[in-house]
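Read-outs throughout are calculated quantities, based only on the coordinates presented, and are distinct from any laboratory measurement. Everything quoted here is computed from the prediction, not taken from an experiment. We place every Cβ from the backbone using ideal geometry, glycine too, and count neighbours over all the protein chains shown.
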Amino acid sequence: MIGKIYLEVDRFFPSSKTCHVCLNQVGSLPLDVRFWTCENCHTKHDRDVNAAINLTDEGLRILTSGTGDKACRPDVSRSNRGRKKSTTALSVGQEAGECTRSVTLW
């Protein structure tokens, strides 16, 4: 991953149910709801596109705040085995059972 930074965002970050325009968060958003409208700014959202924007923004926030680990170790790579984090080897400083979502910023 030359020229890229790999970050992991907390698994429970509310990326799908937070409006990326005004940051208003809906209380409940069942998985079968694929499109929704923000009650605050009336922006219409595609659930997956909105989540992708929010995850990118959160990754950039972590990166610019200086509190995120840049993960520049040689044993860090994107898993190609889907979402099974239990099959991914742990990096130095990572604890077993840590719940995260990965974000690649480019």
Within the range 40-52, the count of residues that are in a helix (DSSP H, G or I), of a type outside the set (K, R) and crowded, with 16+ Cβ neighbours inside 10 Å comes to 2
Give me the residue from the range 1-35 that is buried (at least 18 other Cβ atoms within 10 Å of the Cβ) and among the hydrophobic types (A, V, I, L, M, F, W, C) and, out of that set, farthest from N54 (Cα to Cα). L7
